[in-house]
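Working notes, beginning with the structure itself.
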Amino acid sequence: MPRAEHHTIVALVEDKPGVLNRVASKWRQRGFNIESLAVGHSETPGLSRMTFTVDGARHDIEQVTKQLYKVIEVVKITDITSEDIVARELALIKVAATSQTRGAIIEIATLFRANIIDVSADSLIVEVTGGEDKIEKIWDLLQPYGIKELVRTGRVAMSRGAGGSGLAGVCGHGGNAEE
């Protein structure tokens, strides 16, 4: 049985209503759970970039990505798992704080190069950016103080250097379509 791997998939799609639902449905139809999903505008007006993280065997992931090209609004889709990439995630963590614990929480945030972005009488909101491991480690250290709320963006990623998941080589966007 093929081994399941953690995959990072990047898709460039037309910025139109319903596209996210159609793309996510292709993963659902094949029984995949999307571990994280981040969507935002790309460098090209009218196109959005979706970054998915999913677990699955390479062959199964390839089958779904081929099916995603059948979604009219998908311009390009790339599995960047085996590429040299830069990947980050943003987390906002609301931590219970008292006058006795506030200093220790700020010290943990400083060690992780995180920012305190809100202070109230009974809590602090910590903003941290980095890899999934960094987010997990700061979470572990802040948990004893009492996590009131957590929001994570999910992974965003791109290939290092000149390569990438951009539009080079895509018909109508500066080149010929890839075969």
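The values are calculated or read from the model by the stated rules, or taken from the named source; none is laboratory data. Since the model is a prediction, treat every value here as computed from it, not as a measurement. Here the Cβ positions follow ideal geometry from the backbone for every residue, glycine too, while neighbour counts run over all protein chains shown.
Tabulated values for the structure
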| read-out | value |
| --- | --- |
| Restricting region 12-52 to residues that are in a strand (DSSP E or B) and charged (D, E, K, R), the residue that is surrounded by the most Cβ atoms within 10 Å (Cβ to Cβ) | Arg49 |
| Wholly within region 122-166, strands (runs of 3 or more DSSP E) carrying at least 1 residues that are under 12 Å from Lys94 (Cβ atoms) and over 14 Å from the mean Cα position of the chain (by Cα) | 123-130, 147-152 |
| Pick from region 98-117, criterion in a helix (DSSP H, G or I) and among the hydrophobic types (A, V, I, L, M, F, W, C), ranking: farthest from Met50 (Cα to Cα) | Ala104 |
| Scope region 53-97; condition assigned to a strand (DSSP E or B) and touching a His at 6+ places or on another chain (Cβ under 9 Å); matching residues | Thr53, Val54, Asp55, Gly56, Val75, Lys76, Asp79 |
| Test: residue in region 12-34 that is among the small types (Gly, Ala, Ser), at pLDDT 90 or above and in contact with a His (Cβ under 9 Å, 6 or more places away or on another chain) | no |
| Test: residue in region 123-133 that is modelled with pLDDT under 95 and surrounded by 15 or more Cβ atoms within 10 Å (Cβ to Cβ) | yes |
